[in-house]
Amino acid sequence: TPLFLLLAASALAQTPRPGVNYDEAKVGNAPLPDLKLTTADDWKGKRRAEILQLFEDHVYGKTPSDVGSPKFEVTATKADALGGLATRKFIHISLPSRPAWPGMDVMLYTPNAVKSAPCFVGLSFGGNHAVSTEPDVPLSTRWMRESKEKHIVDHRATEATRGTESSRWPLQMILKQGFAVATAYYGDIEPDHADGWKEGLRAAASKDGADTVWKEGEWGAIGAWSWGLSRIADYLQTDPQIDGKHLAVIGHSRLGKTSLWAGAQDERFGIVISNDSGEGGAALMRRDYGETTAIITKAFPHWFTPNYARYAGNAASCPVDMHMLIALAAPRPIYIASAAEDHWADQKGEFLSGRHASPVYALFGKQGVVVDAQPAIDTPVGDFIGYHNRTGKHDVTDYDWTQYLKFASRHWAK
Ligand code: GTR
């Protein structure tokens, strides 16, 4: 690449986008919707369901309940993966009643030193062969976003793609601490582009053919990806090497929005982790800072239900804000992570959603983020709501995983 292009690209990355606010004095001060908390019983019996429905109606759309029962086939097992540290399995999940959906290939690493292991469950951007550096992991053949940097050519992975996401999945570190990892390529469920639903689960599962997809209140891609996470959880309940009562759902960025929505809907995820999930994830939508509802619904309309675009430029009229999404995890432990250079995701807005969800935990006699103000960089805080703002950029690093492993170990201490 010519030097001047590299320089131009790095200058672009530093320059704030025109029309995007990064001034704390201008974020606005619209009041957050009231959580309307009364008692723990009222929360469990009524209020939680009301808020969940508001997120279906206004943000992510409703996950259909009649998609069909998944079928699980273990397609390969290797007992001495990662130099003997782990057993590696591939599991193909399909829907016999929806043959148009090509299904998903889950890669599961379980620690050989543990009988039934707690497990992190998360989708990847690049496929199993990008997560793992083991050369015998099958290369994904599915559609991927074109990327020179990631060696995606003509929308397909190439050999050079192997391991390109491995720094975000420190398998050795996780497995050595006795945790399992279950992952799949998000594009197996639905390719991430505006027409991806046609090739993915949403068209295959639609009631009356593809033309009913993506109408008011119907699910978007985040809903479909979340559904995929729950099907992985279904499989994990059947695997004797997994402790199905200790599943943590995790995701980064758009997949962090996805892990929050999966955790909100599926209470089998005993811990919910959002890494740099930003707008449409942990960041409060009423704060005009970095990415906004207007920007995200224009760039990625297919991620959400169409109703969400109503709040473009008008977030204050939305009946929910993201502290209510965090609240949907209660009383389960939830972790929100930011990165100090990731202003696009609005780190303070991510912290504040945890701060304003904390009263729900108090109903259960538990503490949320504990502190009132966003902590200093590289200072993890919180009890049932964990939070940190790590040095560096939009990414998942060993620092992030170190905190997640500590958090899970503390809450799941036997
Ligand atoms: C950006 C998007 C963010 C975030 C990110 C990602 O383009 O604006 O909301 O989701 O992509 O997923 O990496």
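The values are calculated or read from the model by the stated rules, or taken from the named source; none is laboratory data. Just so you know, these numbers come straight off a predicted model, no measurement behind them. Glycine gets a Cβ as well: all are built from the backbone with ideal geometry, and neighbour counts include every protein chain shown.
Scan the range 337-359 for residues that are among the hydrophobic types (A, V, I, L, M, F, W, C) and part of a strand (DSSP E or B) and report the count. Step through it out loud before you land on a result.
To start, the set of residues in the range 337-359 that are among the hydrophobic types (A, V, I, L, M, F, W, C) comprises 337, 339-340, 344-345, 351-352, 357.
Restricting the remaining residues to those that are part of a strand (DSSP E or B) gives 337, 339.
The total comes to 2.
Find the residue count for the range 200-227, including only residues that are in contact (Cβ under 8 Å) with a residue 60 or more places away in the chain and either farther than 22 Å from Tyr308 by Cα or away from the ligand (no atom under 16 Å from the Cβ) (or both).
Residues that pass the stated criteria total 13.
If Ala117 satisfies every condition in (1) more than 16 Å from the ligand (Cβ to nearest atom); (2) exposed (fewer than 14 other Cβ atoms within 10 Å of the Cβ); (3) not basic (Lys, Arg) but one, which is the exception?
Of (1) more than 16 Å from the ligand (Cβ to nearest atom); (2) exposed (fewer than 14 other Cβ atoms within 10 Å of the Cβ); (3) not basic (Lys, Arg), only one is false for Ala117: (2).
Given (1) in contact (Cβ under 8 Å) with a residue 60 or more places away in the chain; (2) away from the ligand (no atom under 14 Å from the Cβ); (3) of a type in the set (A, V, I, L, M, F, W, C), identify the lone condition not met by Trp261.
Result: Trp261 fails condition (2) only.
Kindly indicate the residue of the range 297-324 that is part of a loop (DSSP other than H, G, I, E, B) and more than 21 Å from the chain's Cα centre (by Cα) and also surrounded by the fewest Cβ atoms within 10 Å (Cβ to Cβ) among those meeting that condition.
It comes out as Asn314.
If you take the residues in the range 285-296 that are farther than 13 Å from His343 by Cα and part of a loop (DSSP other than H, G, I, E, B), which one is nearest to the ligand (Cβ to nearest atom)?
For the range 285-296, the residue satisfying everything is Met285.
In this structure, does Ala316 turn out to be touching a strand residue (DSSP E or B) at 6+ places or on another chain (Cβ under 6 Å) and away from the ligand (no atom under 16 Å from the Cβ)?
no
Rundown of residues vs (1) touching a residue at least 60 places away in the same chain (Cβ under 8 Å); (2) surrounded by fewer than 17 Cβ atoms within 10 Å (Cβ to Cβ), yes/no style:
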residue	(1), (2)
Ile336	yes, no
His343	yes, no
Lys348	yes, no
Leu352	yes, no
Gly365	no, yes
Pro380	no, no
Asp398	yes, yes
Phe407	yes, no
Arg410	no, yes
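Can you name the condition, by its number, that Asp321 falls short on among (1) within 16 Å of the ligand (Cβ to nearest atom); (2) under 19 Å from Asp288 (Cα atoms); (3) in contact (Cβ under 8 Å) with a residue 40 or more places away in the chain?
Failing condition for Asp321: (1).
Just the residues that are part of a helix (DSSP H, G or I) and either over 14 Å from the mean Cα position of the chain (by Cα) or of a type in the set (Ser, Thr, Tyr) (or both), please, taken from the range 240-284. Working first, answer last.
Of all residues in the range 240-284, those part of a helix (DSSP H, G or I) come to 254-265.
Within the range 240-284, Thr258, Ser259 meet the criteria.
Determine whether Trp197 is assigned to a loop (DSSP other than H, G, I, E, B) and surrounded by 16 or more Cβ atoms within 10 Å (Cβ to Cβ).
No: the conditions fail for Trp197.
Residues to consider are Asn275, Asn307; find the one that is modelled with pLDDT of 95 or more, of a type in the set (S, T, N, Q) and within 15 Å of the ligand (Cβ to nearest atom).
Exactly one residue qualifies, and that residue is Asn275.
Scan the range 54-87 for residues that are among the polar types (S, T, N, Q) and either surrounded by 15 or more Cβ atoms within 10 Å (Cβ to Cβ) or part of a strand (DSSP E or B) (or both) and report the count.
The number of residues fulfilling the criteria is 4.
State whether the residues of the range 330-340 include one that is in contact with a Ser or Thr (Cβ under 6 Å, 6 or more places away or on another chain) and either among the hydrophobic types (A, V, I, L, M, F, W, C) or away from the ligand (no atom under 16 Å from the Cβ) (or both). Write out each step before concluding.
Narrowing the range 330-340 to residues in contact with a Ser or Thr (Cβ under 6 Å, 6 or more places away or on another chain): 336, 340.
Add one more test, that the residue is either among the hydrophobic types (A, V, I, L, M, F, W, C) or away from the ligand (no atom under 16 Å from the Cβ) (or both), and what stays is 336, 340.
Yes, some residue in the range 330-340 is in contact with a Ser or Thr (Cβ under 6 Å, 6 or more places away or on another chain) and either among the hydrophobic types (A, V, I, L, M, F, W, C) or away from the ligand (no atom under 16 Å from the Cβ) (or both).
Do we find a residue being under 26 Å from Ala79 (Cα atoms), touching a helix residue (DSSP H, G or I) at 6+ places or on another chain (Cβ under 7 Å) and surrounded by fewer than 19 Cβ atoms within 10 Å (Cβ to Cβ) anywhere in the range 174-187?
Taking every residue of the range 174-187 in turn, at least one turns out to be under 26 Å from Ala79 (Cα atoms), touching a helix residue (DSSP H, G or I) at 6+ places or on another chain (Cβ under 7 Å) and surrounded by fewer than 19 Cβ atoms within 10 Å (Cβ to Cβ).
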